[in-house]
Each structure stands twice: as C-alpha cells, then as structure tokens.
Amino acid sequence: MATLTLKNASGKDAGTIEIDDDVFGVQPNVPVMHQVVTAQLAARRSGTQSTKTRAEVRGGGRKPYSQKGTGNARQGSIRGPHFSGGGVALGPKPRKYDQKTPKKMVKLALKSALSDRANEGKIIVVDSWGIDTPKTKTAKVALDALGITGTALVVVGRDDAAAALSFRNIPSVQIIGPGELNAYDVLCNEWIVFTKDVVPASVVADRADAAKPAKQAAVSADAEVTATTESDAPYGEGSHAPLDDDSEPEGFPIKGNADSMLYHGPDSAYYGQTVAEVWFATEEAAEAAGFSKPASVQAAEEAAEEAAADDEDTKEGA
C-alpha cells in the first residue's frame, strides 16, 4: 500500500496513512472513464424537448385553395413543414438519454480517476477539520494552510455537518459525501480532499466478499439439515417424497402434482398420465397440504351422486 502524509486543519503533518493500491494505484483507463462520464452527463439531460408535427399544429384543417386553376402548386394544408407556422418534420420529441453502464465499469472509472489524481500528488488526507460551528472563514483558512489552489472536491462524512456548511459557500469548492463519490466530480476538480475516516478502500468490500462463501456454506448446511428432516414428508404428515425408481410408496396411493397443486387418486382418468412429485396416503392429507381435486373429477363425482339419488327416488316411487 502507498503511504500519504496525514495533515491537520493547520496544514501541519499529523502522521502517515496508508491508502489502498486497488483504489489509488491502478493504471488509469481513459476509455472507461470517458464512457462512464458520457453516460453520467447523458443521464442529466431532462429530455423534455418537444416540437409539434403538422398533425399537432393548430389550424390548417381545410384546403387553402382549389386544386386547379390558381396557378399555385397544389396544397392540402397550410400547416405543412414547408409553410411558415407549419409543423416541424423529424423534430425532437421527449425521450430518455440514459445509458446502461455496468457497475464494474463505474467502479473502475472512479478508481482510475482517483489514481490519476494520486499520481499527480493532488490527494490530501486530513486528520479532522476541527470545525465546531459553521464558518466559511475557518474553512478558507484551512484550505490556504493546506496549499490548495484552484478547484477542490472535499469529501465529508455524514457526521461532519459543520464542515460541510463551512465549505459550501466557497465557489471553488465542491462538497460531496463518501457514498456520492464519482469519476466525473473527481475529474472536474484539481484537488481531492478526504478526512481519514472517509478514505475509500476496497478492503471492506474484499472482507465482505470473503464472508459471503462462509455465509452461503452455513445457509447450505442449514438447508441440508432441513431437507434431510423433511425429505420423507415434504408436505407434512400423510405425504411422502417420490422414490428414485418413481414407484408408488407403500401406503401412499394418491399422486400429487406440485405445479398444478392437484391430486389424483387411482380411480382418476388422469392417474396414469400424472407424474407424481409427492405421494399422499389419503385425500384428506392431500387437501390439508393445499392440494385440490381436479374440477372435472369433482363434477363427475357430483353428477354420479345426483344420478344415484335420482335412482333411489325412482325406486322409492315405484
């Protein structure tokens, strides 16, 4: 890691600080910076410009004069693009100018811009500003003590409100938070000033990335334990997971389909065509798990019950 001299608000040395080479020591990638800055400036455009076509301009609803006999060229409306006061042909309409930029490219552009400023010796890290009450004069004195001339980008933390209020009235200073740091603002300013608690580094991100596999492994282990516990009865009591040979588990004759959430008994016309993703011991167990009987089967059963009731009424009447 490279080392910078840590300064205080009086411009005196206050020790040293190590800066991350992955952020401040990369080879600047000019094409990437150009693409990211172009996309950022394009996103600023409001895109509200609009012109009226000949269909939107008021007037011109009737033919201005006869087709023949006047000696003029034939015209159907006085609001054509070639008329004064007419519509605009192929004019601009409201649109979005946003460009999709990959996150890795945005990060690389920022690192390239910071590395470029670091190579020029334009990065300053301050221990703390020591500003308790907002005062522009105090901020200007601090900048002069640090030897900053020209434009400066001052990165302040969320808790340093007094410093932000002190710097904001200086025309040559731009205030920005650490989460808003971007390549365009870095390139627009000659000096970049950080306090030591907001210096960007990739160490935190690397630690987070390193922690992800361990977390995922723990989650996978928990999932395996849960799966092992629930593999025999995936839908609670009375259910059974499918066997490796797709045969019927003993005592579980009802097939269930998880996609349609329907179940089919051995007497169903669709029983042979159904791929069992879960087996149930009884229809009550299937319904308790949220599965339902197909509507056609229910209608057929209701029709059979009505027919049986009609037969009984006929026998009783006879």
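Do we have any residue at all in region 34-55 that's surrounded by 15 or more Cβ atoms within 10 Å (Cβ to Cβ) and within 17 Å of residue 200 (Cβ to Cβ)? Yes; the residues of region 34-55 include at least one that is surrounded by 15 or more Cβ atoms within 10 Å (Cβ to Cβ) and within 17 Å of residue 200 (Cβ to Cβ). Considering region 112-136, and only residues there that are more than 18 Å from residue 199 (Cβ to Cβ) and surrounded by 14 or more Cβ atoms within 10 Å (Cβ to Cβ), the residue that is modelled with the lowest pLDDT turns out to be 131.
From the list 269, 201, 164, the one residue that fits, being modelled with pLDDT of 75 or more and in a loop (DSSP other than H, G, I, E, B), is 201. Just one of the numbered conditions (1) farther than 13 Å from residue 290 by Cβ; (2) touching a helix residue (DSSP H, G or I) at 6+ places or on another chain (Cβ under 9 Å); (3) surrounded by 12 or more Cβ atoms within 10 Å (Cβ to Cβ) is not true of residue 240: (2). Is it true that some residue in region 188-198 is assigned to a loop (DSSP other than H, G, I, E, B), within 22 Å of residue 4 (Cα to Cα) and at pLDDT 90 or above? Yes: one or more hits. On inspection, residue 11 passes the criterion of being in contact with a Leu (Cβ under 7 Å, 6 or more places away or on another chain) and either outside the structural domain of residue 117 (by TED's automatic domain parsing) or modelled with pLDDT under 95 (or both). Filter region 1-33 for residues that are more than 35 Å from the chain's Cα centre (by Cα), part of a loop (DSSP other than H, G, I, E, B) and among the polar types (S, T, N, Q) and give the result. Scanning region 1-33 gives 8, 10.
Residues of region 14-26 that are over 24 Å from residue 99 (Cβ atoms) and either at pLDDT 95 or above or among the β-branched types (Val, Ile, Thr) (or both): 16, 17, 19, 23. Scan (1) touching a residue at least 40 places away in the same chain (Cβ under 8 Å); (2) outside any loop (DSSP other than H, G, I, E, B); (3) exposed (fewer than 12 other Cβ atoms within 10 Å of the Cβ) for the single condition residue 109 breaks and write down its number. All conditions pass for residue 109, except number (3). Here residue 36 clears all of (1) in a loop (DSSP other than H, G, I, E, B); (2) under 25 Å from residue 115 (Cβ atoms); (3) at pLDDT 95 or above; (4) not polar (S, T, N, Q) except the condition numbered (1).
The values are calculated or read from the model by the stated rules, or taken from the named source; none is laboratory data. Here the structure is a predicted model, which means the values were calculated and not measured. Virtual Cβ from ideal backbone geometry, glycine too; neighbours counted across all protein chains shown.
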